[in-house]
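Below: the structure, in structure tokens.
The values are calculated or read from the model by the stated rules, or taken from the named source; none is laboratory data. Given the structure is predicted, the values throughout are model-derived calculations rather than measurements. Note that we place each Cβ from the backbone using ideal geometry, even for glycine, and neighbour counts take in every protein chain shown.
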Amino acid sequence: MKIILKENMKNLGHQGDVVEVKNGYANNYLFPRSLAVMATASNIKIQDENNRQGVLKREKMKTDALALAEQLKEMSIVIGTKAGANGKIFGSITPLQISQVLKTKGFEIDRRKIEISDVKMLGNYTATLNLHRDVTVEVAVEVIAE
């Protein structure tokens, strides 16, 4: 079944994309949650018109994301946490903690846009910030013991 996405879906596509999914997934998950609409001729025309009108808005969002990426490119984040004698931390470092540190430095970035591998030990890591569909930036994260 062909559908038009109303929101960005991580493994499916971006808002406005026409994608092919299985009938059950569309009928039981996407449609009830208003995440997608069926790709009929009229819905495709409406989406094309919305795309034409949104081009300038998306370009502005992309330039803002590029400017933010330039500011974040050289940034290093230091997160202090409790750790055992062997360097293993209690718990793990999450995207929420990185988002909070960035907020204290004046950058408002949603935790869902931050990707980081499992951080269970002290050391240096790299977090990927997805600022826009075409703009990502990597930030150095250093985990130290408090």
Task: Subset of the range 105-143 that is exposed (fewer than 13 other Cβ atoms within 10 Å of the Cβ) and either part of a helix (DSSP H, G or I) or in contact (Cβ under 8 Å) with a residue 24 or more places away in the chain (or both) - its residue that is farthest from the chain's Cα centre (by Cα) - done: G123
Open item on the list: For the range 6-55, give me the residue count where each residue is touching a helix residue (DSSP H, G or I) at 6+ places or on another chain (Cβ under 8 Å) and not β-branched (V, I, T).
Closed with: 4
Task: Which listed residue is without any contact (Cβ under 8 Å) to a residue 60 or more places away in the chain, on the phi > 0 side of the Ramachandran plot and over 19 Å from the mean Cα position of the chain (by Cα), from S42, S34 - done: S34
Task: Of the criteria (1) farther than 28 Å from A140 by Cα; (2) touching a Phe, Trp or Tyr at 6+ places or on another chain (Cβ under 9 Å); (3) modelled with pLDDT under 90; (4) among the hydrophobic types (A, V, I, L, M, F, W, C), which one M38 fails - done: (3)
Open item on the list: When the residues of the range 1-30 are narrowed to those that are free of Cβ contacts under 8 Å to residues at least 12 places away in the same chain and assigned to a loop (DSSP other than H, G, I, E, B), which ends up farthest from G54 (Cα to Cα)?
Closed with: N11
Open item on the list: Need pairs with beta-carbon distance below 8 Å; first residue closer than 8 Å to M121 by Cα and within the range 79-95, second among the polar types (S, T, N, Q); sequence gap 6+ or separate chains.
Closed with: I89/T81
Task: Meets criteria (among the aliphatic types (A, V, I, L, M) and under 10 Å from the mean Cα position of the chain (by Cα)) for L102 - done: no
